[in-house]
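Heads up: the structure comes next, in structure tokens.
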Amino acid sequence: MTAEREKLVQGLEQMSAKVDEARKLAWDKELTAQKKIESIEKLIQSYNTLGYRIGIIPASAPPADGSVFELDFNVQAAVGGGIVRPDQLVNRDLRHEIRGALMKLREKIDGGFHKKQDDAIQLQAQLDRIVEGAVDKKDELEGLEAKVAGSMEQFSEIKDVLSKILWY
């Protein structure tokens, strides 16, 4: 009976050690999960902040074009226990809804950017033509001014000669 009791005490000690080890493992897992939850919350906050800065949040912002880009963290899913899929941690479908809307926005912005580039190139070409025309007109004006100066000098000489002739 004593041997059986010692065996039971030893079994109890082993079970107690396993329970302590399981508690420590559960505590470590809980800490890791909490750190990951905090990391996700910070990422969502950073994403939303950037969204506000570039003007796609709120949905009423003109670039958003009615699409809802703002993300909210689903706290109930994160702390509710049980197995949680990553897509259940946010209020929107990142892969299909947000990504698709961002791709459309990117295409729209790229198209607008390329159009603005083309417009800028056309305006630069127009400016170059205007500057070239102004340079040509300036050269022409300088030529005409030289002719006028020559004509004025010639006029002055003729006037001097005529006034000498008329005074005698």
(message) Given the options Gly111, Met15, Met1, identify the residue whose Cα lies farthest towards the positive end of the charge dipole of the chain (+1 on Cβ of Lys, Arg; -1 on Cβ of Asp, Glu).
(response) Met1
(message) Give the lysines reachable from Lys24 as a straight Cα distance under 19 Å; neighbours fewer than 8 places away on the same chain don't count.
(response) Lys35, Lys36
(request) Among Gly100, Ser67, Gln88, pick out the residue whose Cα is farthest towards the positive end of the charge dipole of the chain, where Lys and Arg carry +1 and Asp and Glu carry -1 on C-beta, about the Cα centre. (result) Gln88
(request) Report, by chain and number, residues whose modeled amide H sits under 5 Å from the one on Glu70, excluding near sequence neighbours (fewer than 5 apart, same chain). (result) none
(message) Below 8 Å between Cα atoms, with a sequence gap of 6+, how large is the relative contact order for the stretch 1-158 in percent?
(response) 10 percent
(request) Place the peptides 92-105, 146-159 in order of packing, highest mean first, counting for every residue the other Cβ atoms within 10 Å and averaging per peptide. (result) 92-105, 146-159
(request) Quickly estimate the mean residue ellipticity at 222 nm for the chain, helices only: each DSSP H run with n ≥ 4 gives -39500 (n - 2.57), and the total goes over all residues, rounded to 500. (result) -28000 deg cm²/dmol
(request) At 1.4 Å probe size, with every protein chain present, just tell me what the per residue accessible area of the chain comes to in Å². (result) 86 Å²
(request) Subtracting the Cα-Cα distance from 0.36 nm times the residue separation, let me have the gained length for Gln10 to Ser163 in nm, one decimal. (result) 40.8 nm
(request) State to the nearest 20 debye the size of the charge dipole of the chain about its Cα centre, where the only charges are +1 on K and R beta carbons and -1 on D and E beta carbons. (result) 800 debye
(request) Given the options Glu70, Glu13, Glu41, state which has the largest fluctuation in a GNM of the chain using a 10 Å cut-off (strictly under) for Cα springs. (result) Glu13
(request) First obtain the Kirkwood hydrodynamic radius of the chain from its Cα pairs, then insert it into the Stokes-Einstein equation at 37 °C and 0.692 mPa s, and state the resulting D in µm² per second as a whole number. (result) 130 µm²/s
(request) Work out from phi, with θ = phi - 60° and the Karplus expression 6.51 cos²θ - 1.76 cosθ + 1.60, the ³J(HN,Hα) of each residue of the stretch 49-60, listed in order in whole Hz, and give x for Gly and Pro. (result) 4, 5, x, 5, 5, 8, x, 9, 10, x, 5, 7
(request) Give a residue-ordered list of calculated ³J(HN,Hα) values for the stretch 94-99 (Karplus: 6.51 cos²θ - 1.76 cosθ + 1.60, θ = phi - 60°; whole Hz; x for Gly, Pro). (result) 4, 5, 9, 7, 5, 4
(message) With a 1.4 Å probe and all protein chains left in place, how much of the accessible area of the stretch 1-143 comes from carbon and sulfur atoms, in whole percent?
(response) 58 percent
(message) 5 Å is the cut-off here: which amide hydrogens, built 1.01 Å from N in the peptide plane, fall below it relative to Val90, excluding neighbours closer than 5 in sequence?
(response) Asn74
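The values are calculated or read from the model by the stated rules, or taken from the named source; none is laboratory data. Note that the structure is predicted; figures quoted are calculated from it, not measured. Neighbour counts are summed over all protein chains in view; Cβ atoms, including those assigned to glycine, are modelled from backbone coordinates with ideal geometry. To get the accessible areas, we keep the full protein, side chains included, count just its heavy atoms, and leave off ligands, DNA and RNA. Shrake-Rupley method; radii C 1.70, N 1.55, O 1.52, S 1.80 Å.
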